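What follows is calculated from the coordinates using simple rules that are stated; it is not laboratory data. Just so you know, these numbers come straight off a predicted model, no measurement behind them. Methodologically, a virtual Cβ is constructed for each residue, glycine included, from the backbone with ideal geometry; neighbour enumeration extends over all protein chains shown.
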Amino acid sequence: DAGVTQSPTHLIKTRGQQVTLRCSPISGHKSVSWYQQVLGQGPQFIFQYYEKEERGRGNFPDRFSARQFPNYSSELNVNALLLGDSALYLCASSRREMGGDGYTFGSGTRLTVV
Amino acid sequence: QKEVEQNSGPLSVPEGAIASLNCTYSDRVSQSFFWYRQYSGKSPELIMSIYSNGDKEDGRFTAQLNKASQYVSLLIRDSQPSDSATYLCAVKTSYDKVIFGPGTSLSVIP
C-alpha cells in the first residue's frame, strides 16, 4: 500500500502569493490532518478533516484554509503569504477519527517564502 | 503553561545505555498519548502509543503513563547510534486535537 503522499515536495513563493498543498491519505484512512513545523519546533496543528468535514482548527489566521474531497484527499491553501509561513507542512492520515490511533505522516512540503 | 512540554535537551547517552525521555501535559482529561521519532530532514514516525496507566513495552522501547501526574515517558534500552533523532511527545486532548510537544533531541554516542 502507498503511504501518505504529499505534493509538491518543495516550493518557493513570493510574499503575498497564494499556495495550494496537496495530500492523499493511506487507502482506507478517512481522517486527514495538517500540521506546520518550523525548524527546531514540534508540529503545530492547523486543521483536521474527517469524512470530508472540518473537525478541528488550530490557532492559525483565516489566510489558511483547507478541504477534503470525496476520495479523502485534501488540500491546504494559504493566501497572502508572509515570510513567517516558511515551514515544513505535514499531512497526516489516520484510520480513526481525530488521530486516536496515531498518525502516519507524509514526507511533507517544504515551503519557502521570499 | 504550554499544553505539552518535554525535556529541553539535547540528551546525549553512550551506546548501550538507557535513554529516558519525559513529557508532561496540561489537559487532565487527555486519554491518548503517542511518541514519534523524527530523523533530521524527515517527517515524524509513530513508534509508541499508550492509553492506560502503567508501562507498555515494544522491543527496546517502553512507554510509561501516569495520568494522575500528567506525565508520560519513553525509555529506550540498549540505545544505538541509529536511535539518534528528535523524539516528539503527542497528546490527544479532551477537545479532540492532537498536540505535539517541542521535541527532545537524542544523540547516542558510539
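Measuring against 29 Å, Cα to Cα, the residue pairs A:Lys52/B:Lys67; B:Lys42/B:Lys97; A:Lys52/B:Lys56; A:Lys13/B:Lys2 contain A:Lys52/B:Lys67; A:Lys52/B:Lys56; A:Lys13/B:Lys2 as the ones spanning a longer distance.
Comparing A:Ser24, A:Ser65, A:Ser33 in a Gaussian network model of chain A (Cα springs below 10 Å), the most mobile by mean-square fluctuation is A:Ser65.
Counting Cβ atoms of other protein chains within 10 Å of each residue's Cβ and taking the mean over peptide A:33-44 gives 4.
Using 0.36 nm per residue, how much length does the chain from A:Asp62 to A:Ile12 gain when fully extended, once their Cα-Cα distance is taken away?
Details: separation 50, 0.36 × 50 = 18.00 nm, distance 2.13 nm.
Taking A:Asp62 through A:Ile12 to full extension adds about 15.9 nm, to one decimal.
The Cβ shell under 14 Å around A:Asn71 holds other residues with a net charge of +2, Lys and Arg each +1, Asp and Glu each -1. Take the Cα of B:Lys42, go 7 Å toward its beta carbon, and the backbone nitrogen atoms of segment A:29-44 under 19 Å from that spot belong to A:37-43. Our coupling estimate for segment A:94-100, obtained by passing each phi through the Karplus curve with A = 6.51, B = -1.76, C = 1.60 and θ = phi - 60°, is 8, 6, 8, 4, 6, x, x Hz, Gly and Pro reported as x.
So if the hydrodynamic radius of the protein assembly as shown is defined as the Kirkwood radius over C-alpha pairs, what does Stokes-Einstein give as its diffusion coefficient at 20 °C and 1.002 mPa s, in µm² per second?
Reported coefficient: 120 µm²/s.
Each Cα pair under 8 Å and six or more residues apart adds its separation to the average, and for chain B the resulting relative contact order is 38 percent. The relative contact order of segment B:31-88 comes to 34 percent, based on Cα pairs under 8 Å that sit 6 or more residues apart.
Give the distance, in whole Å, between the Cα centre of segment A:1-29 and the Cα centre of segment B:22-78. Spelled out, the Cα-based centre of one part sits 28 Å from the other.
Relative contact order of chain A: what whole-number percent is it, with Cα pairs under 8 angstrom and at least 6 residues apart?
Once normalised by length, the contact order is 37 percent.
Working from label points 7 Å from Cα in the Cα-to-Cβ sense, the B:Asp96 to B:Gln70 distance is 2.3 nm. Label-to-label distance for B:Glu57 and B:Gln31 is 2.8 nm, based on points extended 7 Å past Cα in the beta-carbon direction. Here the scattering of segment B:1-102 is modelled by Debye summation over its C-alpha atoms, one equal scatterer each and no solvent; at q = 0.10, 0.12 Å⁻¹ the log10 of I(q)/I(0) is -0.25, -0.36.
Counting only other residues whose beta carbon sits under 10 Å from that of A:Glu51, what net charge do I get with K and R as +1, D and E as -1?
So the environment of A:Glu51 carries a net charge of +1.
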